[in-house]
1. To check you understand DSSP bridge types, tell me what percent of the beta bridges within the chain (both residues inside) are antiparallel, rounded to 5.
2. Tell me, what is the percent relative contact order of the chain, built from C-alpha pairs under 8 Å that lie six or more residues apart?
3. Run the quick spin-label model on S85 and K43: label points 7 Å from Cα toward the beta carbon, then report their separation in nm to one decimal.
4. Using a Förster distance of 30 angstrom, determine the FRET efficiency expected from the C-beta separation of S7 and R105, and round it to 0.05.
5. Please list the equivalent ellipsoid semi-axes of the chain, computed as the square roots of five times the alpha-carbon gyration tensor eigenvalues, in descending order and whole angstrom.
6. Return the FRET efficiency for the residue pair S63, Q120: r is the Cβ-Cβ distance, R0 is 30 Å, and the value is rounded to the nearest 0.05.
7. State the cysteines of the chain left without a partner when partners are defined as other cysteines whose beta carbon lies under 4.7 Å away.
Amino acid sequence: QVQLVESGGGLVQAGGSLRLSCAASGRTFSSNAMAWFRQPPGKEREFVASISWSGGSTYYADSVKGRFTISRDNAKNTVHLQLNSLKPEDTAAYYCAVCRYSGGRYYDTRDYVYWGQGTQVAVSS
C-alpha cells in the first residue's frame, strides 16, 4: 500500500525556518515528479513547489519563490521542502504529493495521484 508521511511542521516566528520531509513507501517514485501543496485554514489547496523525476527541474509558486527550496533523494524515496524567511501567510497544512507525470510543471491537484496526510506549519508575527 502506498503511503506518504510528512514531518517537520511546527510553530515558528516570522522570519524563521522549517524543513519539511516526506517519506514514501509501498513503491518507488523515482520516475515521478513530486510536489508540495498547502492549504491555509478556510481556503483551497494551492500549489507550492514541484520537482522533476531526476531533480533537474524545480518550480515554485510566486508567493514562495526565493524563500522555499524543494529537493528529493530518490535513493531514499524522500522529498523535502526547506522553508526560509517564513511569513504569517505561510501558515497552512502542507502536503506532499506524487505527480502522475515526470516533468514537474503541473500545478493542478488533479495531476497528482498520491497524497500525504499533511503537516501543520504555523507562523506567528
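A short reminder: the numbers here are calculations on the coordinates, not readings from a lab. In this text the structure is predicted, and so the values were computed from the model without any measurement. All Cβ positions, glycine included, derive from the backbone under ideal geometry; neighbour counts span all protein chains shown.
1. On the way: 37 of 41 bridges.
That works out to approximately 90 percent antiparallel.
2. Numbers: 329 pairs, mean separation 44.4, N = 125.
It rounds to 36 percent for the chain.
3. Here the answer is 1.8 nm between the modelled labels.
4. Working: r = 27 Å, r/R0 = 0.88.
Result of the calculation: an efficiency of 0.70.
5. On the way: eigenvalues 100, 40, 36 Å².
Gyration-tensor ellipsoid for the chain: 22, 14, 13 Å.
6. Numbers: r = 18 Å, r/R0 = 0.61.
Efficiency computed from Cβ-Cβ geometry: 0.95.
7. C99
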